[in-house]
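Read through the structure below, which is laid out as structure tokens, and then see the notes.
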Amino acid sequence: MTTLARPRPAHRAPGSTAALAVPAAATLLALMNYTAPMAVLADTAHGLHAGATAQIWLMSSISLGLAAALLAVGSLADDHGRKRVFLIGAGVLAASSAACAVAPNAGVFVAGRIVQGAASAALLATGLGIVATSFAPGPRRTHATGIWGAMLGLGIALGPIASAGLTEAGGWRLWYWTAALASVALGGAALVLDESRAARPRGLDLPGLAAMSLGVGALVAAITWGRTGWTRPAVLALFAAAAVLLAAFTAIEARRREPMLDLGLFRRPAFLLSVGGALVTGLAVIGVMSYLATIMALVLGLSPVAAALVLAIWSGLSFVAALQARRLPARRPAGRLLGAGLALSAAGELAMLGLAPDGHWWRLAPGLAVAGIGSGLANAMLARLAVESVPADRASMGSGANNTARYVGASVGVAIVGAIATGSGGGASALAHGTNVALLVSAVVALIGAALAMAVRA
């Protein structure tokens, strides 16, 4: 039977600078790397001789590795050591970043980005697990998870700026060499961390691990490839495989005495908020914001650096808002605050309606600011829910489930936004019209998510 995390004596979980700083730095690096291609897609595609279909994979392939690996590595970390899995993730991220840096063609680059996604999953899932086990429940943990959540926004802000700046300085490959060196430094810093694992490790759930990873991977691959044609036989086959594998995963977990993912957690309102809120955030917020820098370049004529700096209004304020979320009264239910964050995100997206080729970037600034504050509040609440909604010794699994939902939602969101934005044609006016429709659809989805979050009593 699953029990939720109970407060532990403060002397058993005092926390430390390294236990927060290293996971926070890992999250920052993972999100910077995730968003790095946004501002330099044209340069990357040119350097790799990538066509239109290949460019979709250049942007989205990292989501495949992330979504497929997050829950699996989170569960493995809880049972076999969070520090150990974190170090493996840092090493694999260094190697895969170097592979991207020297990639001779789009196929090698895409393979490297998929592996980068799996390595980033190890850093994200274990990082939040390390934070949760290092800080006792209460204000200190709320502050720590708020900082971790703030790194999501800061990474999204800095990634496109860093990659665009490095591209101008020495070419698009320079970012990946930088990421490789940063990963090595991160692994070195992680050596000072204490090892932590579940008091009673569970047996390795190989059938569940395989079914879940392959199922989620097939789903994200189908969503990504579907942007070239949803009725293509290969896309339909991937969707069918995903349905079969995920159904098999559910059946396997329901029959195991000690499953990787206790399905009983889905009867708990807090866990539903954690997973559902992350899914809506990916679908309605990350999806449209991932596309916005490219749209600003194509519609408003901004340079890659300028587009990244404008988008940083959203992501920078997301960072600030997540840091300040710890000042909110602890008695406020996380679901209400999550709902408020999603509602603010929707309001910001609605405020950006009216994008036009003859417009100016500052027309988007108020909406980006409001959406950024909402995104930061939502990120802070989702990080808190990810660790509070699961048993104390399954924090990395909780983080993995939360982030799996986030990046599956982001993959769907990017696919939907791309389809809507380009549905009327590739000209500046058509793209502007399509983007306005995509912003409206995203806002409606965020508002529905906000209403449901506020209705759930966790």
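Could you tell me whether any residue of segment 315-328 is within 24 Å of V131 (Cβ to Cβ), of a type in the set (K, R) and surrounded by fewer than 23 Cβ atoms within 10 Å (Cβ to Cβ)?
Looking only at segment 315-328, we keep the residues that are within 24 Å of V131 (Cβ to Cβ), and these are 315-328.
Now drop any that are not of a type in the set (K, R), which leaves 326-327.
Still in the running and surrounded by fewer than 23 Cβ atoms within 10 Å (Cβ to Cβ): 326-327.
Yes: segment 315-328 contains one or more residues that are within 24 Å of V131 (Cβ to Cβ), of a type in the set (K, R) and surrounded by fewer than 23 Cβ atoms within 10 Å (Cβ to Cβ).
If you scan segment 156-165, which residues turn out to be of a type outside the set (S, T, Y) and surrounded by 24 or more Cβ atoms within 10 Å (Cβ to Cβ)?
Those that are of a type outside the set (S, T, Y) and surrounded by 24 or more Cβ atoms within 10 Å (Cβ to Cβ): I156, A157, G159, P160, A164.
Among the residues of segment 323-368, what is the count of those that are at pLDDT 90 or above and part of a helix (DSSP H, G or I)?
23
Would you please list the contacts, defined by Cβ atoms under 9 Å and residues six or more apart or on different chains, that run from a residue in segment 55-71 that is without any contact (Cβ under 8 Å) to a residue 24 or more places away in the chain to a residue that is buried (at least 24 other Cβ atoms within 10 Å of the Cβ) and not acidic (D, E)?
Pairs that qualify, where the first residue is without any contact (Cβ under 8 Å) to a residue 24 or more places away in the chain and the partner is buried (at least 24 other Cβ atoms within 10 Å of the Cβ) and not acidic (D, E), are Q55/T44.
Taking S424 as the residue in question, decide whether it is hydroxyl-bearing (S, T, Y), at pLDDT 85 or above and out of contact with any Pro (no Cβ under 8 Å at 6 or more places or on another chain).
Values: hydroxyl-bearing (S, T, Y): yes; at pLDDT 85 or above: no; out of contact with any Pro (no Cβ under 8 Å at 6 or more places or on another chain): yes.
Criteria not met by S424.
For every residue, the table says whether it meets (1) out of contact with any Gly (no Cβ under 7 Å at 6 or more places or on another chain); (2) buried (at least 20 other Cβ atoms within 10 Å of the Cβ).
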| site | (1), (2) |
| --- | --- |
| G47 | yes, no |
| G51 | yes, no |
| W57 | yes, yes |
| A68 | no, yes |
| V73 | no, yes |
| D79 | yes, yes |
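Condition check ((1) within 17 Å of L70 (Cβ to Cβ); (2) modelled with pLDDT under 90; (3) under 25 Å from the mean Cα position of the chain (by Cα)) across all residues:
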| position | (1), (2), (3) |
| --- | --- |
| P207 | no, yes, no |
| A211 | yes, no, yes |
| A218 | yes, no, yes |
| I223 | yes, yes, yes |
| P259 | yes, yes, yes |
| D262 | yes, yes, yes |
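Between residues in segment 430-458 that are at pLDDT 90 or above and residues that are part of a helix (DSSP H, G or I) and hydroxyl-bearing (S, T, Y), which pairs lie under 6 Å by C-beta distance while being six or more apart or on different chains?
A446/S345
So which of T167, T145, T126 ends up being in contact with a Pro (Cβ under 8 Å, 6 or more places away or on another chain), among the hydroxyl-bearing types (S, T, Y) and closer than 24 Å to V408 by Cβ?
Working: T167 fails: closer than 24 Å to V408 by Cβ; T145 fails: in contact with a Pro (Cβ under 8 Å, 6 or more places away or on another chain).
From the options T167, T145, T126, the qualifying one is T126.
Condition (residue is touching a Gly at 6+ places or on another chain (Cβ under 8 Å), free of Cβ contacts under 8 Å to residues at least 24 places away in the same chain, in the same structural domain as G149 (by TED's automatic domain parsing) and not aliphatic (A, V, I, L, M)) applied to segment 345-364: is it met by at least one residue?
Yes, that holds for at least one residue.
Tell me whether segment 170-180 contains one or more residues that are in contact with a Gly (Cβ under 8 Å, 6 or more places away or on another chain), surrounded by fewer than 21 Cβ atoms within 10 Å (Cβ to Cβ) and outside the structural domain of I62 (by TED's automatic domain parsing).
no
Exactly one condition in (1) closer than 16 Å to L87 by Cβ; (2) free of Cβ contacts under 8 Å to residues at least 60 places away in the same chain; (3) not aromatic (F, W, Y) is not met by G187; state its number.
All conditions pass for G187, except number (2).
Using the structure shown, decide if T167 is over 27 Å from R394 (Cβ atoms), out of contact with any Lys or Arg (no Cβ under 6 Å at 6 or more places or on another chain) and in a helix (DSSP H, G or I). Steps first, answer last, please.
Working: over 27 Å from R394 (Cβ atoms): yes; out of contact with any Lys or Arg (no Cβ under 6 Å at 6 or more places or on another chain): yes; in a helix (DSSP H, G or I): yes.
When the stated conditions are applied, T167 passes them.
Contact list please: Cβ distance under 9 Å, first residue in segment 365-387 and surrounded by fewer than 24 Cβ atoms within 10 Å (Cβ to Cβ), second residue outside any helix (DSSP H, G or I), pairs at least six apart or on different chains.
From segment 365-387, the pairs are P366/M352; G367/M352; G367/L353.
Where in segment 195-309 are there helices (runs of 4 or more DSSP H), lying fully within it, with 2 or more residues that are touching a Gly at 6+ places or on another chain (Cβ under 9 Å) and among the hydroxyl-bearing types (S, T, Y)?
On the way: elements: 206-225, 233-255, 269-281, 287-300.
Counting at least 2 such residues, we get 269-281, 287-300.
Hey, any hits in segment 390-398 for a residue that's at pLDDT below 85, among the basic types (K, R) and assigned to a helix (DSSP H, G or I)?
Checking segment 390-398: at least one residue is at pLDDT below 85, among the basic types (K, R) and assigned to a helix (DSSP H, G or I).
Taking the stated definitions as given, is G277 in contact (Cβ under 8 Å) with a residue 12 or more places away in the chain, surrounded by 22 or more Cβ atoms within 10 Å (Cβ to Cβ) and either more than 29 Å from L71 (Cβ to Cβ) or within 23 Å of the chain's Cα centre (by Cα) (or both)? Don't jump to the end; show me each part of the working.
Details: in contact (Cβ under 8 Å) with a residue 12 or more places away in the chain: yes; surrounded by 22 or more Cβ atoms within 10 Å (Cβ to Cβ): yes; either more than 29 Å from L71 (Cβ to Cβ) or within 23 Å of the chain's Cα centre (by Cα) (or both): yes.
It is true that G277 is in contact (Cβ under 8 Å) with a residue 12 or more places away in the chain, surrounded by 22 or more Cβ atoms within 10 Å (Cβ to Cβ) and either more than 29 Å from L71 (Cβ to Cβ) or within 23 Å of the chain's Cα centre (by Cα) (or both).
Return the total of residues in segment 402-452 being over 22 Å from the mean Cα position of the chain (by Cα), under 29 Å from G217 (Cα atoms) and either among the aromatic types (F, W, Y) or not in a helix (DSSP H, G or I) (or both).
2
The values are calculated or read from the model by the stated rules, or taken from the named source; none is laboratory data. Since this is a predicted model, take the numbers as computed values, not measurements. No Cβ is skipped: glycine too gets one built from the backbone with ideal geometry, and neighbour counts run over all protein chains shown.
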